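Encoded as structure tokens, the structure appears first; notes follow it.
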Amino acid sequence: MLNLDTHILLFALDGSLTPGEETLLASQPWGISAIVLWEVSKLAQVGRIAIDTGSPEFARILSRVHVWPIDLAVSRRSTELDFASDPADELIAATSLVYRVPLVTRDKKIRKSKLVPIARSRIS
């Protein structure tokens, strides 16, 4: 299983993944932190993305994606990271740590982490 950050999920939905990301995402099931659902909803609300989060199609897509909760373990782990970022990114990274799943992200701060397991493809 892979943990997708918000941008990777959006890139997958709009077809703008890199070839390496496409290969990686095709190889394993997807999961997301619950905070990703909130971020997508907020981005749609403010008009930064054109996704209807209430549509049957969006619900169908999400039905195939595992959603990890923001629980006490994730919340606590988010305060023990070796980088500082916005709270949503910290919760997404902490989700990978708590559930021991590699994170798919383009975020340079997170990718430099020595703690967060990062999913890497052989193709860039």
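A short reminder: the numbers here are calculations on the coordinates, not readings from a lab. All values derive from a computational prediction rather than experimental measurement. Cβ atoms come from the backbone with ideal geometry, glycine included; neighbour counts cover every protein chain shown.
List of remarks:
- Between residue 44 and residue 60, the modelled label-to-label distance comes to 1.5 nm, taking each label 7 Å out from Cα in the direction of the beta carbon.
- Ordering of 101-113, 37-49 by packing is 101-113, 37-49, highest average first (other Cβ atoms within 10 Å, averaged per residue).
- In order through segment 83-92: 3J(HN,Hα) via Karplus (6.51 cos²θ - 1.76 cosθ + 1.60), integer Hz, x for Gly, Pro: 8, 10, 8, 6, x, 5, 5, 5, 5, 5
- Cβ-based charge dipole, the chain, positive-most Cα from 75, 50, 121: 121
- The chain: calculated mean residue ellipticity at 222 nm from DSSP helix runs of at least 4, using -39500 (n - 2.57): -13500 deg cm²/dmol
- Annotation: the residues 22, 57, 90, sorted from fewest to most other C-beta atoms within 10 Å of their own C-beta, follow the order 57, 22, 90.
- Distances between placed amide hydrogens fall under 5 Å for residue 104 paired with 3, 4, 5, 119, all partners being 5 or more residues away or on another chain.
- For residue 68, the amide hydrogen comes within under 5 Å of the amide hydrogens of 32, 33, 34, counting only partners 5 or more places away or on other chains and with H modelled in the peptide plane.
- The magnitude of the dipole of the chain, with charges of +1 and -1 set on the Cβ of Lys/Arg and Asp/Glu and taken from the Cα centre, is near 400 debye.
- Taking 0.36 nm per residue of separation and subtracting the Cα-Cα distance, full extension of the segment from residue 86 to residue 26 would add 18.8 nm.
- GNM on the chain, alpha-carbon springs under 10 angstrom: the most fluctuating residue among 34, 12, 26 is 26.
- Extension gain, residue 76 back to residue 14 (0.36 nm per residue minus Cα-Cα distance, nm): 19.0 nm
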